[in-house]
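Engineer: Mind having a look at this structure? Questions to follow.
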Amino acid sequence: MKSIVWFIVAPFMLFAQPKKDSIRVFYLGGQSNMEGFGYVKELPANLNKINKNVFIYQGNPTVDNDDKGGLGKWDFLKPGHGTGFSSDGKENKLSDRFGIELSLAQKLQELYPNEKLAFIKYARNGSSIDSVGTTSFGAWEPDFTGGKGMNQYDYFLKTVNNAMAVKDINGDGIEDVLIPTGILWMQGESDADKTETIANQYYFNLKRLMDLMRASFRNNNLPIVIGKISDSGDDQDGKVWPFGELVQYAQEKFASKEPHVKIVRSTSSYDYTDRYHYKSTGYIDLGKEFAKSIFLLNTEKVKM
């Protein structure tokens with residue numbers, strides 16, 4: 001009888017599936033107002049802490065053609081992932097700044113209770129999509145090499161591929177399955193700065209880039225939320241971005257014409273710390289608005 005019992009139980013033991021954790025992952029990309037210029041010292045107490053239920057992999061932001069671009073490692077979400085953050089792939093060096101990630105995480109945790117969340121972030125201050133508009137900050141144009149090799153799009157791929165390749169992002173001994181849930185994009189100011197031609201190409205440049213980003217996550221319908229650029233007006237003619245209206249038009253066109261896309265417009269009400277960057281309160285609000293929009297897009301997809 002003992003041998004019969006063993007024979008019945010053993011097949012179930014042999015075919016038992018190991019436990020895995022499912023984690024929703026969101027990509028955060030763009031230029032400086034996604035990189036984040038909020039001051040950690042100005043954070044409210046409920047955001048100025050380590051969030052051990054949300055994880056982040058931020059790629060090292062740098063100029064084009066730098067081997068260190070995109071290096072990073074998974075960690076618990078905490079303040080310091082704004083401008084000035086750096087990583088060599090072994091150690092993350094936090095800064096005294098933050099972006100949308102803290103309030104984004106807090107709001108998403110309300111909307112996705114009892115689910116684990118993760119962010120993959122690569123954003124570069126001053127970067128443009130169009131290679132002509134980039135000056136020295138970097139370009140996202142997929143075919144642009146600058147004569148040497150790597151650009152911001154390459155760093156995006158490097159960041160995403162390295163992050164997604166990790167099987168246990170929180171080191172708890174349980175394999176993690178990362179489920180791409182959305183792309184959050186805040187960028188366009190640099191494409192509105194140089195020429196009318198570049199600004200007029202923004203819709204086509206943005207569409208191509210977003211199509212390729214969706215493909216990198218193997219989901220051509222992955223929800224996308226873009227932040228609408230705004231202007232502080234801190235210039236002699238009252239416009240920091242000479243062709244800002246053209247890029248804004250392109251952003252609205254992209255949001256209305258492309259499937260599974262929303263646009264966040266609250267940026268028009270934010271105060272600035274300088275000509276280009278929002279005050280800390282702006283980044284906190286922007287994170288919440290991105291969270292609500294990406295959640296709605298995913299809810300709509302489920303209904304469809």
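Engineer: Taking amide H positions as placed 1.01 Å from N in the peptide plane, with prolines and chain starts having none, which residues 5 or more places from residue 21, or on another chain, fall under 5 Å of its amide H?
Structural biologist: It is 175, 176, 177, by chain and number.
Engineer: Here's a follow-up. Considering every Cα-Cα pair within region 243-295, what fraction, in whole percent, is farther apart than 16 Å? Before the final figure, lay out the partial values.
Structural biologist: Working: 710 of 1378 pairs.
Tail fraction, whole percent: 52.
Engineer: Sorted by average packing, counted as other Cβ atoms within 10 angstrom per residue and highest first, what order do 262-275, 178-191 take?
Structural biologist: 178-191, 262-275
Engineer: Another question, then. Need one number: % antiparallel among DSSP beta bridges in the chain, to the nearest 5.
Structural biologist: Of those bridges, close to 20 percent are antiparallel.
Engineer: Along the Cα→Cβ direction, 7 angstrom out, place labels at residue 245 and residue 21. What is the inter-label distance in nm?
Structural biologist: 5.1 nm
Engineer: Can you work out ³J(HN,Hα) from phi for every residue in region 218-229, in order, using Karplus 6.51 cos²θ - 1.76 cosθ + 1.60 and θ = phi - 60°, giving whole Hz and x for Gly and Pro?
Structural biologist: Using θ = phi - 60°, the values come out as 6, 8, 6, 10, 4, x, 10, 10, 10, x, 6, 5 Hz.
Engineer: Return the whole-Å distance between the Cα centroid of region 202-259 and the Cα centroid of region 91-108.
Structural biologist: A separation of 23 Å, based on Cα centres.
Engineer: Over 22 Å between C-alpha atoms is what I'm after, so list which of 121/288; 78/116; 41/78; 158/253 land there.
Structural biologist: Long pairs (Cα-Cα over 22 Å): 158/253.
Engineer: Once fully extended, how much extra length lies between residue 257 and residue 95, figured as 0.36 nm per residue of separation less the alpha-carbon to alpha-carbon distance? Display every interim value, and only then the final one.
Structural biologist: On the way: separation 162, 0.36 × 162 = 58.32 nm, distance 3.80 nm.
Taking residue 257 through residue 95 to full extension adds about 54.5 nm, to one decimal.
Engineer: Can you tell me the orientation of helix 280-303 relative to the chain, as the angle in degrees between its alpha-carbon axis and the longest Cα principal axis, to the nearest 10?
Structural biologist: With rounding to tens, the tilt is 60 degrees.
Engineer: Hey, could you get me the Stokes-Einstein D for region 19-303, Kirkwood radius over alpha-carbon pairs, 37 °C and 0.692 mPa s, rounded to whole µm² s⁻¹?
Structural biologist: Taking Rh from Cα pairs, D becomes 176 µm²/s.
Engineer: If the limit is 27 Å between Cα atoms, which of 68/228; 52/90; 93/194; 49/207; 93/207 go over it?
Structural biologist: Beyond 27 Å: 68/228; 93/194; 49/207; 93/207.
Engineer: Going by amide H atoms built from the backbone, whose H comes under 5 Å of the H on residue 54, apart from near neighbours?
Structural biologist: Under 5 Å from the amide H of residue 54: 77.
Engineer: Something else: Against the longest alpha carbon principal axis of the chain, how many degrees, from 0 to 90 and to the nearest 10, is the axis of helix 152-165 turned?
Structural biologist: 10 degrees
Engineer: Could I ask something else about it? To test your reading of the geometry: what angle, between 0 and 90 degrees and rounded to tens, separates the Cα axis of helix 202-216 from the longest principal axis of the chain?
Structural biologist: With both axes taken from Cα atoms, the answer is about 10 degrees.
Engineer: If I model a spin label as a point 7 Å beyond the Cα along the Cα-Cβ vector, how far apart are those points for residue 68 and residue 172 in nm?
Structural biologist: Computed distance between label sites residue 68 and residue 172 equals 3.3 nm.
Read-outs throughout are calculated quantities, based only on the coordinates presented, and are distinct from any laboratory measurement. In this text the structure is predicted, and so the values were computed from the model without any measurement. Glycine gets a Cβ as well: all are built from the backbone with ideal geometry, and neighbour counts include every protein chain shown.
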